[in-house]
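**Q** So that we are looking at the same thing, I have put the structure below in structure tokens.
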Number of protein chains: 2
Amino acid sequence: MRTALCDTLGIQYPIFGFTPSQHVAAAISRAGGLGVLGCVRFNDPEELDEVLDWMDANTDGKPYGVDIVMPAKIPTEGTQVDLAKLIPDEHRAFVERTLHELGVPELPEDTEERAGVLGWLHSVARSHVEVALKHPIKLIANALGSPPKDVIDQAHAHGVPVAALAGKAEHAVRHVDNGVDFVVAQGYEAGGHTGEIGSMVLLPEIVDAVGDRAPVLAAGGIGSGRQAAAALALGASGVWMGSYWLATEEYLNTMPASAAMQTALVRASSSDTVRTRIYTGKPARLLRTKWTEAWAKPDAPQPLPMPLQNLLVTPAHNRLHETNDPDLVSMPAGQIIGRIKGIRPVAEIMAELVEGYEQTLARLDKTR
Amino acid sequence: MRTALCDTLGIQYPIFGFTPSQHVAAAISRAGGLGVLGCVRFNDPEELDEVLDWMDANTDGKPYGVDIVMPAKIPTEGTQVDLAKLIPDEHRAFVERTLHELGVPELPEDTEERAGVLGWLHSVARSHVEVALKHPIKLIANALGSPPKDVIDQAHAHGVPVAALAGKAEHAVRHVDNGVDFVVAQGYEAGGHTGEIGSMVLLPEIVDAVGDRAPVLAAGGIGSGRQAAAALALGASGVWMGSYWLATEEYLNTMPASAAMQTALVRASSSDTVRTRIYTGKPARLLRTKWTEAWAKPDAPQPLPMPLQNLLVTPAHNRLHETNDPDLVSMPAGQIIGRIKGIRPVAEIMAELVEGYEQTLARLDKTR
């Protein structure tokens, strides 16, 4: 399994693994793919710096990248306290009522409340870029499309290519016009922020729209060698996987309290996700739980715009997380989770992908 | 492009073309695929009989099939007049108000009002099966899953295999348990009745679930050789296409007043469809028009269950159709319509699919 992108980035397989876990990202890179570390959880740039130091020490010199969340348009900015004033009482009351109805206890008084995720803020995302560029990263990906031009220029000045997620062909063309080097075509099936066009239709549409100007990676619905082969058949130069790495042994090294989430993923079918604005304010696919179901009821308020919705729900997510209840997990996840049958090491998944890819090509040979 | 299914059915390419047009179906069969004639529009079994006589005379002895719409559970039955009494006044008023607001005129007084489509009724679908089995058909497909066991037995007694559409792996397994011979895995991208799982995820899931018990055809998002190759990479034994054949020259031979619909398809992007219950009462993907937008507004009533919704909207569809306005077409269509750039002969599309398939395999060869 090899495309021109492998030479461009110095990787063995065109398999890109997005993950908030440095342990998973490093394992993907060591296994021949490109681990891409999600930065949005780092409110403190120094913490990101330390984690990237760890990556540098644990990737055996293999390439890795980072993923930021930076809207092209600069959204409402301000301190967490300023922003909190913009959240309506109705929304706070709904969250409290829902948590009460779900039997979710308050956090113990001595718990240090984790801050809302400020990584959605432009200023914080910019600090992620600045920190990351001090490390030997090989890719900056932006989950919300093109970053501003000066950020792209800054990356290019360091010799680092920029990738941008796109859910429509017209967005992909705009990203390339803005100077983005790779497009990640994110189909409806995908976890996290995603559009309405299925991968089968979206991928060749984006490949045709950007032509030779940029390689395209396929995101959404990839968890096997067959799906990787389908993505390359559709014209992708590589595959971008996210949800599938949540069910790895390495993930627990970074997030030791994630066993309930992993249990939920293992038992979920492909029907157990929902695309909703309740996580960030923009449509994102999440694991379907009692929490997402509560927001789907007629009495639920409309989600707030980014970044307010995330500030609203983060304290609730912390409380849900502490229950260790698979029914109450709050987690972005794609439809591919139906394929997850257990918790495995990253290297095993990578080997299976590559072997499955080769078997698929051998099977297709017989159709000529 | 060849799979074991080609030998089973005596076709050159494992390309299945669902269409309400006998001219299109015959052209697909003549070009080496399997044309599958949609029967739901035939309220009168004798009319279907005549059309199948025409098929027999115009397919050069090549195999063809038929598609029926038969719920596994027998729904509300009755004459059209009985059923009409079950439609609430609120719904009739909404339809009238909407047509008025869209500037859709009444039909001229001398117009013979076309009946609501009774093909949704069990009794009518059964008459389709009986008529079809008098012809040398090679496949009966059911758009709503497994037909009742006696219908499957009846087909098998005539040596005719039965295919059933499925939008979830568990449904596919049930169909095969019921005696269905082929499963059509219908992804979220597809036009008409469709589920929520994207083709990239659904297809291998269904292939794995039914194993060696039944070949699986891929429906949803197929309009190019690349997409056909992706489907076969995912494990399909063939592809099932519907929307793409609407934009053919042959379609106009059967439905001469469809130029506005074809204009709408040519200009539509992959974002210009919507999945809604307004066509039949079950979720189906339609071309997005001013009509579908009206039903999406907050003041619109909830669609009625099958078969009432279709009886409610069919007179409206007739009036919309007479406007010859691409903005007012009512037509099931999948996301693949974004790829339609013009009106072409069926044979040209078939040749492009096969050539594109071979080119894709040649391209994949270079990734080893």
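The values are calculated or read from the model by the stated rules, or taken from the named source; none is laboratory data. Just so we're clear, the structure is a prediction, and the values are computed from it rather than from any experiment. Backbone-built Cβ (ideal geometry, glycine too); neighbour counts: all protein chains shown. When the accessible area is computed, the model is the full protein with side chains, heavy atoms only, and any ligands, DNA or RNA have been set aside. Shrake-Rupley method; radii C 1.70, N 1.55, O 1.52, S 1.80 Å.
**Q** Helix A:89-101 against the longest principal axis of chain A: what's the angle in degrees, Cα atoms only, rounded to the nearest 10?
**A** 90 degrees
**Q** Could you tell me how many degrees, from 0 to 90 and to the nearest 10, lie between the Cα long axis of helix B:45-58 and the main elongation axis, the longest principal axis, of the Cα atoms of chain B?
**A** Taking Cα atoms only, the helix is inclined about 40 degrees.
**Q** Note down the magnitude of the dipole of the protein assembly as shown about its Cα centre, charges +1 on Lys and Arg C-beta and -1 on Asp and Glu C-beta and zero elsewhere, to the nearest 20 debye.
**A** Result for the protein assembly as shown is approximately 940 debye, rounded to the nearest 20.
**Q** Something else now. Sorting check: for A:275-283, B:154-162, which peptide has the highest mean count of neighbouring beta carbons within 10 Å, and how do the rest follow?
**A** For the peptides A:275-283, B:154-162, the packing ranking is A:275-283, B:154-162.
**Q** Compute a Gaussian network model of chain B, connecting alpha carbons closer than 10 Å, and tell me which residue from B:R30, B:R174, B:R97 fluctuates the most.
**A** Checking each option, the largest mean-square fluctuation is seen for B:R97.
**Q** OK, next. In degrees, nearest 10, range 0 to 90: what is the angle between the Cα axis of helix A:308-322 and the longest Cα principal axis of chain A?
**A** 90 degrees
**Q** Taking the Cα centre of chain B as the origin and placing charges on Cβ (Lys, Arg +1; Asp, Glu -1), which of B:H135, B:P20, B:G342 is farthest toward the positive end of the dipole?
**A** The listed residue farthest towards the positive side: B:G342.
**Q** When you look at the Cβ of every residue in B:213-220, what mean number of other chain Cβ atoms sits within 10 Å?
**A** Whole-number average of other-chain Cβ neighbours for B:213-220 is 1.
**Q** Additional query: Can you divide the C-alpha Rg of the protein assembly as shown by 2.2 N^0.38 Å and report the result to two decimal places?
**A** Cα-based Rg divided by the globular estimate yields 0.98.
**Q** If packing is taken as the average number of other Cβ atoms within 10 Å across a peptide's residues, how do A:176-185, B:340-349 rank, most packed first?
**A** Taking the mean over residues of other Cβ atoms within 10 Å, the ranking is A:176-185, B:340-349.
**Q** Another one. Please report, as a whole percent, how much of the solvent-accessible surface of region B:4-365 comes from carbon and sulfur atoms (probe radius 1.4 Å).
**A** The C+S portion of the solvent-accessible surface of region B:4-365 is 51 percent.
**Q** Could you calculate, for region B:122-187, the ratio of the Cα radius of gyration to the Kirkwood radius, expressed as Rg to Rh?
**A** Over the Cα atoms of region B:122-187, Rg/Rh equals 0.96.
**Q** Sticking with this structure for a sec: Roughly how crowded by other chains is peptide A:223-232, in terms of the mean Cβ count from those chains within 10 Å of each of its Cβ atoms?
**A** Neighbouring Cβ atoms belonging to other protein chains average 6 per residue here.
**Q** Which residues belonging to region B:187-204 lose at least 20 Å² of 1.4 Å-probe accessible area when the assembly is complete, relative to their chain isolated?
**A** B:Y188, B:E189, B:E196, B:I197, B:G198, B:M200, B:V201, B:P204
**Q** Arrange the peptides B:137-147, A:198-208 so that the one whose residues have, on average, the most other Cβ atoms within 10 Å appears first.
**A** The most tightly packed comes first, giving A:198-208, B:137-147.
**Q** For chain B, report the accessible area per residue in Å² (1.4 Å probe, heavy atoms, rounded to an integer).
**A** 38 Å²
**Q** Okay, next question. Rounded to the nearest 100 Å², what is the buried accessible area between A and B, both sides summed, probe 1.4 Å?
**A** The buried area between A and B, both sides summed, comes to about 3600 Å².
**Q** Over the Cα atoms of chain A, what is the Rg over Rh ratio if Rh follows Kirkwood?
**A** Reported Rg/Rh, Kirkwood definition of Rh: 0.95.
**Q** A further question follows. Once every DSSP H run of n ≥ 4 in chain B is given -39500 (n - 2.57) and the sum is divided by its residues, what mean residue ellipticity at 222 nm do you get, rounded to the nearest 500 deg cm²/dmol?
**A** -12500 deg cm²/dmol
**Q** Further, regarding this structure: Give me the inter-chain shielding for B:279-288: mean count of other chain Cβ atoms within 10 Å, whole number please.
**A** 0
**Q** Hey, which of these cross-link pairs are over 32 Å Cα-Cα: A:K149/A:K290; A:K282/B:K290; B:K168/B:K297; A:K366/B:K62; A:K138/B:K366; B:K62/B:K149?
**A** Going by Cα-Cα distance, A:K149/A:K290 fall outside the 32 Å limit.
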